[in-house]
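Asker: Pasting a structure here, questions to come.
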Amino acid sequence: MDARFDTKSAAREAVWDALEDEGIARFPFPPHGRIPNFEGAPAAAERLFEEPPFTGARRLKVNPDAPQRHVRIEALRRGCVVFVPTPRLRGGFKRLDPASIPDDETKPAASLSKMDRWAEPVALDDLPPLDAIVTGSVAVTSGGHRCGKGEGYSDLEYAILRELGHDPVPVATTVHSRQRVASVPTDPHDLPLARIVTPEQTIDVADPPAPPTGIDWTALSAADLEEMPVLRELRG
């Protein structure tokens, strides 16, 4: 859509409404209040792996939301180890190693409700270097800006990894074309996108916004510190 939005919440509502009204949204319903699943998500996931750094990726961090389940499936099929963050990073990450998952169990292993059967816990300090990150989005722009569902966990997870000494890596998202907007407001701690993949198109951002170099402590509330113990640990 060509709309420009003054607030992230307005962009989210417009995208959620469009996906629902036009029959693009897929289970779980409604799309509102979540990273929306969409028609063509499997095709977008396959397209994501057509070009580097994803074609040869060995380790990826992938968000746990429904549309990126197909990314997790495709990654495992290609022999890539997948790291999935636990809620609020309280348990660090779940590690899915395709070497220990039978071929006919790849789909359930990539499902959030069933992956614990195969997943191994990995503490934040033990997370190895990543080749790239895949995140879910509600709205995106061709300039590499995004907004999620409003909780900021993807932004924080990236900032925490930088705080722990991880090098910056490319960040991609898979979305439906109706999730593209002309502009959304941005904040310094927002997670930037290097690549946007729809079922029909791959968009490499020519000049991605600068990624966070660490945690923006001024943007965090006491409630944030309470909900994510790792933040309290890092702050000391």
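Asker: Please specify each residue of the stretch 104-140 satisfying the condition of being buried (at least 22 other Cβ atoms within 10 Å of the Cβ) and closer than 30 Å to Pro209 by Cβ.
Answerer: Scanning the stretch 104-140 gives Ala110, Ile133, Val134, Thr135, Gly136, Ser137, Val138, Ala139, Val140.
Asker: Across the stretch 180-191, what is the total count of residues that are crowded, with 19+ Cβ neighbours inside 10 Å, more than 25 Å from Gly214 (Cβ to Cβ) and more than 17 Å from the chain's Cα centre (by Cα)?
Answerer: Residues meeting the conditions: 1.
Asker: A further question follows. How many of the residues in the stretch 192-219 are part of a loop (DSSP other than H, G, I, E, B), surrounded by 18 or more Cβ atoms within 10 Å (Cβ to Cβ) and of a type in the set (A, V, I, L, M)?
Answerer: Residues in the stretch 192-219 being part of a loop (DSSP other than H, G, I, E, B), surrounded by 18 or more Cβ atoms within 10 Å (Cβ to Cβ) and of a type in the set (A, V, I, L, M): 4 in total.
Asker: Let me ask you something else. Quick one: how many residues across the stretch 110-156 are of a type in the set (D, E, K, R), in a loop (DSSP other than H, G, I, E, B) and under 30 Å from Met1 (Cα atoms)?
Answerer: Residues meeting the conditions: 2.
Asker: Still on this structure: In the stretch 141-163, which residue that is under 12 Å from the mean Cα position of the chain (by Cα) and of a type in the set (A, V, I, L, M, F, W, C) is modelled with the highest pLDDT?
Answerer: Cys147
Asker: Same structure, new question: Looking at Gly165, is it without any contact (Cβ under 8 Å) to a residue 24 or more places away in the chain and at positive phi?
Answerer: yes
Asker: State which residue is surrounded by the most Cβ atoms within 10 Å (Cβ to Cβ) when the search covers only the stretch 8-35 and only residues that are assigned to a loop (DSSP other than H, G, I, E, B) and among the aliphatic types (A, V, I, L, M).
Answerer: Ile35
Asker: Within the stretch 36-71, take every residue that is among the β-branched types (Val, Ile, Thr) and buried (at least 22 other Cβ atoms within 10 Å of the Cβ) and give me the one that is nearest to the chain's Cα centre (by Cα).
Answerer: Only one residue tops the list, namely Val62.
Asker: Evaluate the following for Gly144: is it at positive phi, out of contact with any Gly (no Cβ under 9 Å at 6 or more places or on another chain) and surrounded by 22 or more Cβ atoms within 10 Å (Cβ to Cβ)?
Answerer: yes
Asker: While we're on this one: Residues of the stretch 68-107 being under 19 Å from Glu157 (Cα atoms) and either of a type in the set (S, T, N, Q) or in contact with a Gly (Cβ under 6 Å, 6 or more places away or on another chain) (or both), which ones?
Answerer: Of everything in the stretch 68-107, those that are under 19 Å from Glu157 (Cα atoms) and either of a type in the set (S, T, N, Q) or in contact with a Gly (Cβ under 6 Å, 6 or more places away or on another chain) (or both) turn out to be Gln68, Thr86.
The values are calculated or read from the model by the stated rules, or taken from the named source; none is laboratory data. Here the structure is a predicted model, which is why all the values come from computation and not from measurement. Note: ideal-geometry Cβ built from the backbone for every residue, glycine included; neighbour counts use all protein chains shown.
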